[in-house]
Amino acid sequence: MNNELGKKIKLLRKEKELSQLELAKILNISNSTLSQYEAGNRVPGDDIKKKIADYFNVSVDFLLGRTEERNPYTNDKDLDKVDKFLLELKEEMEKEELEFDETSPQELIETYKLLLEFKKKMKKE
């Protein structure tokens, strides 16, 4: 059996520094069931795959190994917001005669992404 899904679940869990027990509780499944998913001995149903994808903010296609892009849908929407924000910020900075160098947009994008993650975490808690 191909264990791409199990490897992805384990990778995402470790990135969030969660134990199997913690993630199992979040997903409302048993620890042994999660262990079997990660080992490739059992395949989760579509509802659990969706729950895992939603929790880690990735696509089901990423979980299944069909793409390496974690969440192509969110990225496009977020980039539109970032572009609009950067344009507005640049205009404001120019009005105030402040410098807007080439590194500014990248730093702002990273800050914006961190704020989005924080906002999502706060909604879940």
Out of the residues in the range 90-121 meeting the condition of being surrounded by 14 or more Cβ atoms within 10 Å (Cβ to Cβ) and under 26 Å from the mean Cα position of the chain (by Cα), tell me which one is modelled with the highest pLDDT. Leu116
Residue tally, condition of a type in the set (Asp, Glu) and in contact (Cβ under 8 Å) with a residue 12 or more places away in the chain, over the range 22-42: 1
Taking the range 29-63 only, how many residues are more than 12 Å from the chain's Cα centre (by Cα) and not in a helix (DSSP H, G or I)? 8
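The values are calculated or read from the model by the stated rules, or taken from the named source; none is laboratory data. Predicted model only: the values in this text are computed from it and were never measured. Cβ coordinates were reconstructed from backbone atoms using ideal geometry, including for glycine residues, and neighbour counts include every protein chain displayed.
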